[in-house]
Amino acid sequence: MKTGLCVIAAVLLFGSCVVSFQHDLLAEETSVYDVKPGSELTFENTNGDIEVSVWDSDSVQIKTLVYGDSAKGVPEGLEIRFDHQESMLSVTVDYPSGLSSFCSVDIVVSIPDSMHYAVSVEGTNGDITVTGVETVNAETTNGDISVVASSSDCLETTNGDISAILPLQSNQLIAETTNGDIILRIPSDLGISAETVNGDLSLNGLEYENSIATDGTGENRVVAQTVNGDVVVVYFSSGE
């Protein structure tokens, strides 16, 4: 969402007042944890992007980058909490209140490519990108969700696009947004329930009206719903 220096302008509905938030890199911290396979990894962040990918290491690395006004420094009251227990690791960002304390935190996570974890990501204002993990659930409000994983149960945003490549998906998936497109690539044996109000709908290259429901060979199905946006579902071809 940000690299180096950018400016976010927030227009307040009080007269014609315009407030600009400076986004300088204020602090950067890297933490490394030994997390056993099968653990739950949870990341919660209100303002900022969350990125999870795999790397060639046996440890979980978490990098946090704090952005704000360099003239004021890191706001007092900003807290990044790490909770590491036997079978879980969580990162939660608590923000101070007030416009004068505005800041954002990006979370960049690298997890072992050789180990399997259940990843859960929750944001509010920011994009979520997850690549190479086994299972992931992701939810944000104002931001895009991009996932390349074996499978997922839930991918939800309100104002943003959803893009997911899920080659081993066998369980039910809910993919929902209000203002944004949904693009899914999934196995062909899954049933589909897809719907859009203001947008186009296609299943494996064939165009449909605003909704479609198909039966798969198994009990579970993929639900893809948007209001203002397109829905595109593409099956993996045989042998992929």
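No lab work stands behind these numbers, since they all come straight from the coordinates. Just so we're clear, the structure is a prediction, and the values are computed from it rather than from any experiment. Neighbour counts run over all protein chains shown; Cβ positions are idealised from the backbone, glycine included.
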Query - Simple spin-label estimate for SER188 and THR124 in nanometres, 7 Å along Cα-Cβ - result: 4.5 nm
Query raised in the report: How would you order 82-91, 65-74, 183-192, 222-231 from highest to lowest mean count of nearby Cβ atoms within 10 Å?
Result: 222-231, 183-192, 65-74, 82-91
Report summary line: As a percent rounded to 5, the proportion of antiparallel DSSP bridges among beta bridges in segment 51-161 is 40 percent
Query - Relative contact order computed over the chain (Cα-Cα under 8 Å; 6+ residues apart), in percent - result: 14 percent
Report task. Any chance you could check the Cα centroid distance between segment 40-91 and segment 147-226 for me, in angstrom? Result -> 29 Å
Report task. For segment 67-206, state what percent of all Cα-Cα pairs lands in each successive 10 Å bin, counting from 0 Å until the bin that includes the largest distance. Result -> 10, 35, 31, 17, 6, 1
Query raised in the report: Within the P(r) computed for the chain, what percentage of the Cα pairs occupies the region above 28 Å?
Result: 39 percent
Requested in this report: Just the ratio, please: alpha-carbon radius of gyration of segment 25-141 over 2.2 N^0.38 Å, N its number of residues.
Outcome: 1.06
Query raised in the report: What is the gain in length, in nm to one decimal, between CYS154 and SER57 on full extension, counting 0.36 nm per residue of separation less the C-alpha to C-alpha distance?
Result: 32.1 nm
Report summary line: Non-local residues with an amide H under 5 Å from the amide H of VAL52, with H modelled 1.01 Å from N and Pro and chain starts lacking one, are VAL109, THR129, VAL130, THR131
Report summary line: the chain: antiparallel bridges as % of DSSP beta bridges, rounded to 5, reads 35 percent
**Report entry** Percent of Cα pairs exceeding the 17 Å cut-off, where the set is segment 144-240
**Finding:** 42 percent
Requested in this report: Give me THR131, THR157 ranked fewest to most by other Cβ atoms within 10 Å of their Cβ, as a rough exposure proxy.
Outcome: THR131, THR157
Query raised in the report: Relative contact order for segment 25-141: what is it in percent, counting Cα pairs under 8 Å that are at least 6 residues apart?
Result: 38 percent
